[in-house]
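Just below is one structure, and these are the notes that go with it.
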Amino acid sequence: MPAFAVLGIVILAVWGWQALNPQTPESGEITLRTPEIKEVKIEEDTPQYRIEVSYPEFHNLGDPVRETAANNLLKSKVQQSVDSLKSASEEAVEISPEIKSELQLDYEVVHINSSVASIKMRESTYVEGAAHPLGIFWPFNYNFKDNKEIALADIFKPGSNYLEVLSGVTKKDLKNQLKEYYTEGVLEFGTAPVSENFSTLFLAKDKLVIIFNVYSVAAYAAGSQTVEVPYDALSEIINPEGIIKLIRE
């Protein structure tokens, strides 16, 4: 048999084997992409309540497993808000057939890349019979790379006194912001060095954005308060090889 014919048979055999046995990368070799965001809406209008919800859904991340995990977690959090409103509306004191319990929920993308998403959820709830609506913010901070929600401690060096630092920085800033709404005891309690006080936190590209929801550090009339802290101001306690590195990619 001529040599060129043998070579052709070998090449075809190799191509056939590759087609039947495609190479799949190891999990650590998956290349993630900045995901596209598609908006999901939930709208319901009944005699008891009205619901208007929109939230983001991630697509084309590059790994269906991570993508699905992030989407399912956010969806479950949104559903909790929906279920809570429905449950509250069943127990509400009816004032008028024209007045309904309401849930409005939307979002803002604070930062997103192939490794991290930080989403600010804005929620306003009114339960029939209440004096006024209650508006709050809540975060969805997700680490696509490690496939998990980001905890406050993930941002800082292990063993660092980050809670004490955040307490001092936010207390000083809020005292200036609140002015006539400033009450020492309320502010001290709302900025005490416990993780719950700093849980409404968002990860911008160059700074932490901490929101103190209504009633957290002042009376309802003061509204929510926002403190922005540049990462550079936290250089002694922030973990340079952790979440911040992923954010800056």
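The values are calculated or read from the model by the stated rules, or taken from the named source; none is laboratory data. Source: prediction; values computed, not measured. As a convention, Cβ positions derive from the backbone with ideal geometry for all residues, glycine included, and neighbour counts pool all protein chains shown.
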task = Take the residues in segment 202-249 that are of a type in the set (Lys, Arg) and touching an Asp or Glu at 6+ places or on another chain (Cβ under 9 Å), then tell me which one is surrounded by the most Cβ atoms within 10 Å (Cβ to Cβ).
result = Lys207
query = Taking segment 53-68 as the search range and keeping residues that are assigned to a strand (DSSP E or B) and touching an Asp or Glu at 6+ places or on another chain (Cβ under 6 Å), which one is surrounded by the most Cβ atoms within 10 Å (Cβ to Cβ)?
reply = Phe58
key: Tally, over segment 143-195, of residues that are farther than 16 Å from Ser216 by Cβ, aromatic (Phe, Trp, Tyr) and assigned to a loop (DSSP other than H, G, I, E, B)   = 1
key: Residue that is surrounded by the fewest Cβ atoms within 10 Å (Cβ to Cβ) [pool: residues in segment 168-199 that are within 23 Å of the chain's Cα centre (by Cα) and within 18 Å of Tyr231 (Cβ to Cβ)]   = Val169
ask   = What do you reckon, is Glu98 farther than 25 Å from Lys207 by Cβ and touching a strand residue (DSSP E or B) at 6+ places or on another chain (Cβ under 6 Å)?
value = no
inquiry  = Can you pull out every residue in segment 47-92 that is among the aliphatic types (A, V, I, L, M) and more than 23 Å from Pro35 (Cβ to Cβ)?
reply    = Ile51, Val82, Leu85, Ala88, Ala92
request  = Residue by residue through segment 69-123, note down the ones that are hydroxyl-bearing (Ser, Thr, Tyr) and either part of a helix (DSSP H, G or I) or outside the structural domain of Asn141 (by TED's automatic domain parsing) (or both).
outcome  = Ser76, Ser81, Ser84, Ser87, Ser89
